[in-house]
Amino acid sequence: MNVLLAEAKVPYDITFALDDINADFADTDVALVLGANDIVNPGAQSDPHSPIAGMPVLEVWKATHTICMKRSLNVGYAGVENPLFVNDNNIMFLGDAKTSLLKIISLIDEPSAHFSSPASSLFMGNGDSIRTDVESQKNKRKTHQRVKSVDPFLARISELQSNAFLKVGVIKEIADENEARVAMTPDIAKRLLKSGIQVVLETNAGIGGGFLDGAYAEVGCKILNSAQEVFDSAGVVIKVREPVIHPVGLKHEIDMMKVGSTMITFVGPQTEKGKILMDKAKEAGVNLLAVDAIPRVSRAQSVDTLSSQSKIAGYRAVIEAAYIYQRFMNGEVTSAGSFSACKVLVVGAGVAGLAAISTASNMGAVVRAFDTRLECREQVESLGGVFLVPKFDEDDDEEGDLEGTGYSRVMSEEYYLKEMELFREQAKECQIIITTAAIPGRPAPKLIMKDAVDNMAPGSVIVDLAASTGGNCQLTKPGSIWTYDQRVTIVAYDSLPSRMAWQASSMYANNMANLLDLLCKEHKFVIDLEDPVIRGMTVVLDGAITWPPPASVTQTKATPTQSSSQKEVKKEDWVIVQTNKAPSVFSKRLFDLSTVGELCTIICFACFFVIVSIFAPISFVNQLLYFILAGFLGYYLIWAVEPALFSPLMSTSNSLSGVVILGGILMASEPSGSPTNVLACSSIAVSTINVVGGFAMSYRMLLMFKK
């Protein structure tokens, strides 16, 4: 979408996020929908059995009128009918949206040039009256521009506060003296108050991110003097960092909460610290929801705080590295000399890794990336990176996904050794290395060893995003930045998102607002364990520890079952999967030339051709040769081509279909109803469909590149 906006030269300052614009549709006179379908489907909210139920959508149907411009009434990507199209307040405008929209814009911008003729009056009424109306509307807009508009929300604050059904508390983060993030921002607090949720805030809680108490007070937040007052006042408390002992009163933050209240924060339930927090919450009678345990499923993307914070960490990692590197990221050729582009290696292609790849690539660096999950390859390459794969003597069947959860898992010892060899070679060429590899509930794997760091050139930089769990670099010192051997700077800050506190707080607050939308049903806060997203993140409920959730909740894709021929052996925390495959007789090589299977295939074909040449008529042999040649041509032209490149070849395949049509016309001259005549007519019909469809597809693809 960013690429499309850039190509269309749409400035970012006039674009709005879905959550920012939805509240305005109720006060909108006309909502113009250009081609959208699933994203404006009211069934996502009204039909719980719909395939897109729960998907965030634009609530355009709340506008007084909607106009949908589409080429047809076909269903969207999800294959779901859209009830918006038949709403009483909707008008369907079928045709080319771009042409129609340009005409509307021209009519608005220059009414006198279009409404003066009788023809235009037939289209939209009397030309003189329309011209007068448009001019009067312009004068009104000029008048409004001179008068500062007042947000009607300000007049409703007292009413909304009195009608609030839930108070959400936000306190100042104290887990780290360098922590500057806050769990709620004024803009999101305003949105929550409109939905019946009031935010109570500890004074100066948002000052680290540039959010002053006055900004919160203006949108109806209640400012309290201490964290204890917030805990006493709120039924739900949201935090960024894990709860710790508060310096005022020396009480643990969980113990400061009311019995039966709920805390939503990072917990780390798979770690020892997380287990201690769960036990403490159980004893205190506090419900605990871990935002770092949200299942990695599509429906939970809007509440996935790990993804939003990891994206910031990946972006900031490149900025930190570029600042320390102090050379051009992109290649430069100047009168003062030529400078080659910086080479960046990103280890781990998760959310943080992809953000780092995108940022470094946009800055002009040559980016290489590695991940144990081979399915990440397309994502890396789409962002401009080169995906690295260790070389093996034999095929390796291991997958890098941890039981279908979307996280990396520990690989075999052989794979680990190949990784080390790959990183040592890349360290000789790359000036910046960014590591993001992490495994839930385990120390971060050591991937960049001392010998690899020794291979790096002076002035190089390593940014270790896994420092909080020990780091991916053997020389990492968590929470610090230091220079190894006066050559390589190793950055290992505990929380890079906190160094972009405004952005991180804004994204986290948005996640929290979306999560509260899931938790609040019919103006009541409910922890619904039937909801897979809520079940996955609920670790303590009603005095009982509910972690871990069922495997069906955390699984994001089908996990392959392990066959009986596989056995798992643990050795020094590395999982070695040994697959015992019985070698096939046909796979054995003869004289190092070919396998038994290949030799048998050649013999069978030779016998077939000998039999044909002896017993078949000459005409059949000629046709068989033509068929074989056509098969080779079709295979290399169509079948052997990458699927991504197939559509542009439609025009080429049309020529082959044209030949088939010509042959069919010649053969159709046979007696009507004969097998030859029927087959000829069928080939003409099928080939014609291919030709027409091929040209249509090619034409549509060419239109995509026209501006």
- Query: For the range 449-465, list residues with backbone N below 14 Å from a point placed 7 Å from the Cα of GLN486 toward its Cβ?
  - Reply: 458-459
- Message: Once you place label points 7 Å from the Cα toward the Cβ at THR676 and LEU94, how far apart are they in nm?
- Response: 4.6
- Whenever you get a sec, line up MET507, MET667 from highest to lowest accessible area (probe 1.4 Å, protein heavy atoms). MET667, MET507
- Taking every alpha carbon pair in the range 194-237 and sorting the distances into 5 angstrom bins from 0 up to the bin holding the longest one, the percent per bin comes out as 5, 24, 30, 25, 14, 2
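Ordering ILE618, ILE174 by accessible area with a probe of 1.4 Å, largest first, what comes out? If you can, show how the numbers build up before the last one.
Values: ILE618 125, ILE174 50 Å².
From most accessible down to least: ILE618, ILE174.
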- Given the pairs LYS275/LYS446; LYS239/LYS521; LYS251/LYS477, which span a C-alpha to C-alpha distance of over 27 angstrom in this model? LYS251/LYS477
- Computed FRET value (nearest 0.05) for SER158 with LYS258, which takes r as the C-beta separation and R₀ as 30 Å: 0.70
- Projected label distance in nm at VAL596 and ASP187, using a 7 Å step from Cα toward the beta-carbon: 6.9
- Query: Taking the mean number of other Cβ atoms within 10 Å as a proxy for protection, how do you rank 599-612, 443-456, 285-298, 684-697 from highest to lowest?
  - Reply: 285-298, 443-456, 684-697, 599-612
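What FRET efficiency do you get for ALA23 and ASN178 if R0 is 41 Å and r is their Cβ-Cβ distance, rounded to the nearest 0.05? Can you show the working numbers first?
Values: r = 35 Å, r/R0 = 0.85.
The value I calculate is 0.70.
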- State the percentage of accessible surface on the range 432-553 attributable to carbon and sulfur atoms; use a 1.4 Å probe and exclude ligands, DNA and RNA. 54
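Could you rank the peptides 432-439, 318-325, 535-542, 546-553 by their average count of other C-beta atoms within 10 Å per residue, with the highest value first?
Working: 432-439: 26.4, 318-325: 19.6, 535-542: 22.1, 546-553: 15.0.
Ranking the peptides 432-439, 318-325, 535-542, 546-553 by packing returns 432-439, 535-542, 318-325, 546-553.
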- Item | Label-point gap, in nm, between LEU101 and LEU624 - each point 7 angstrom along Cα→Cβ | 6.1
- Message: If I ignore ligands, DNA and RNA and count only protein heavy atoms, how much of TYR493 is accessible to a 1.4 Å probe, in Å² to the nearest 10?
- Response: 60
- Task: Pop out the ³J(HN,Hα) list for the range 236-252 in order, Karplus 6.51 cos²θ - 1.76 cosθ + 1.60 with θ = phi - 60°, rounded to Hz; leave Gly and Pro as x.
- Result: 10, 10, 10, 9, 8, 9, 5, x, 9, 6, 7, x, 8, x, 6, 10, 5
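Determine the gain in length on full extension of the stretch SER587-TRP502; use 0.36 nm per residue of separation and subtract their C-alpha separation, reporting nm with one decimal.
Values: separation 85, 0.36 × 85 = 30.60 nm, distance 6.09 nm.
Net length gain for the segment: 24.5 nm.
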- Given R₀ = 51 Å, FRET efficiency for HIS523-ILE665 by Cβ-Cβ distance, to 0.05? 0.10
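The values are calculated or read from the model by the stated rules, or taken from the named source; none is laboratory data. Values in this document were obtained by computation on a predicted structure and should not be read as measured data. Neighbour counts run over all protein chains shown; Cβ positions are idealised from the backbone, glycine included. Ligands, DNA and RNA are stripped out before the accessible areas are found, and what is left, the full protein with its side chains, is counted by its heavy atoms. Shrake-Rupley method; radii C 1.70, N 1.55, O 1.52, S 1.80 Å.
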